[in-house]
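The values are calculated or read from the model by the stated rules, or taken from the named source; none is laboratory data. Quantities reported herein were computed from a predicted structural model and do not represent experimental measurements. Here the Cβ is made from the backbone with ideal geometry for all residues, glycine too, and neighbour counts use every protein chain on show. For accessibility, only protein heavy atoms count, side chains too; no ligands or nucleic acids. Shrake-Rupley method; radii C 1.70, N 1.55, O 1.52, S 1.80 Å.
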Amino acid sequence: MGDLVEKVKSAGVVGAGGAGFPTHVKYQAKVEYVIANGAECEPLLYCDQSLMALEAEKIVAGLRLAVEQVQAKAGFIALKAKYRSAKGALEKAIKGCANIHLHTMESFYPAGDEQVLVYEVLGRVVPEGGIPLQVGVVVNNVATLVNVAQAHEGIAVTRRWLTIHGEVKNPLTCELPVGTLIGEAIALAGGALTDDYTILVGGPMMGVVGSDNDPVTKTTSGILVLPPEHPHILRKVQHPNGILRRSKASCDQCMYCTELCPRYLLGHAMKPHLIMRSIPYGIADSTIATSSYLCCECGLCTFYACPLFLSPGMINAMLKKELGGKNVKNPHRRADVSPYPFRDERKISTRRLLERIGLSRYDAPAPFVRTDYMPTRVRIPLKQHLGAPALPAVKAGAMVREGDLVGEIPEGKLSARVHASIPGMVMEAEGEIVIER
């Protein structure tokens, strides 16, 4: 087991459910518990629940490896109770594992936020501006744990499970080589139902607008094809100046953004309504403004809570960027925090959320479809993770096989390795690795 960290590092394993934090760094800690995150809180995504139903043994194998590596007492697999097929497969896979347990949850948003998850499973509140490690926990997405199990066998991360949904002929979940172009993934779902569409990479709440020519990465959980005139898309593409003008002029301090904020409900000093109140005064280095660092950017305040269709979450993201540019650090570090008394009553169900953002019409399964699709060309970014980009480990003209190292960790930096996802010739090796078969 002592070599698991090196195997995970060598395989390029990163957090598959979020920003892509390099997993080998997490595994250098010693904690009490490991939580496998199978909550998949974003609506319309099915990759994690499909993975749990079809690859339960690999998930459990990865979790057991993680538990042993960090010397934890036990591991928990957290998933929604409505994922019946996944639950059945996992119950079978954990038989005989005395220190591996299932934890079922309600279907609410954002159940998969790691700080929310830690409280739901263990009743522990992560300190303000903190990470689960501070309360003795490591959290891994279930897809990450599959990659951990494969890394233990010497297999590098070259593929990604993802859901393709929305305005497509046949919504589906599939596994594709990293670097596959999003346009090709959409074609696998039967193509878009309209010539004019907007792509969200990720889920409807935290996903970002992308294009057909963007590549699938290690952290791509979903591709949503939506009409460009849909109100949800129009809100996603608002110009920052317009967001600020409307916020200054229209916020009536109703406090709904604060009262439904997941971090405020955990006891953190995250009060979006106060940030909205401070905008006209331009106090970007105030205590109120710095509380934006506590925002998890789940989007509930923007897309669900505000009755005036303002964008507190986007304001928080803008403030964080401005504060970072001025080298203003996060001063919010309270550890003596406790959840709001009526937190449970303020959870937002996923179904209700879909209705509010106008995407209920797409609330249909996207079943897993096994495909042998192998693109003729892939674009593999050297930065698919939190930290510094990997450095090219190959040059244009080199021949590579699937799994060969093409991006190396810079000396002394937080980063992750990158590997070829198809065999072929390296056509470009600057900023990204382009391979053609």
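Please report the net charge: other residues with Cβ closer than 9 Å to the Cβ of G179, K and R +1, D and E -1.
Numbers: positive: R377, R379; negative: E432.
Cβ neighbours under 9 Å give a net charge of +1.
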* To do: Taking 7 Å along the Cα-to-C-beta vector as the label spot, tell me the S250-A29 distance in nanometres, rounded to one decimal.
  => 4.0 nm
* the chain pair-distance distribution - Cα-Cα, 10 Å bins, rounded % -> 5, 21, 31, 29, 14, 2, 0
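Using a 1.4 Å probe over the heavy atoms of the protein chains, calculate the carbon and sulfur portion of the accessible area of the stretch 127-219 as a whole percent. List each step's numbers first, then the result.
Values: 1450 of 2930 Å².
Carbon plus sulfur share of accessible area: 49 percent.
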* Asked: Just the Cα atoms of the stretch 275-385: what Rg and Dmax do they give in Å?
  -> 19.8, 57
* Rg to Rh, two decimals, where the stretch 176-287 supplies the alpha carbon set and Rh follows Kirkwood -> 1.09
* To do: Would you mind computing, in nm to one decimal, how far apart the modelled labels at H239 and L133 are, each placed 7 Å from Cα along Cα→Cβ?
  => 4.2 nm
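Of the listed pairs K80/K347; K30/K383; K248/K320; K30/K218; K82/K383; K321/K395, which have alpha-carbon separations greater than 23 Å here?
Numbers: K80/K347 14 Å; K30/K383 27 Å; K248/K320 18 Å; K30/K218 26 Å; K82/K383 35 Å; K321/K395 35 Å.
Checking Cα-Cα distances, K30/K383; K30/K218; K82/K383; K321/K395 exceed 23 Å.
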* To do: Work out the FRET efficiency for R351 and M399 from their Cβ-Cβ distance, taking R0 = 41 Å, and round it to the nearest 0.05.
  => 0.20
* What ranking do 126-136, 29-39, 334-344 get when scored by the average of other Cβ atoms within 10 Å per residue, highest first? -> 29-39, 126-136, 334-344
* **Fraction of beta bridges assigned by DSSP in the chain that are antiparallel (%, nearest 5)** => 60 percent
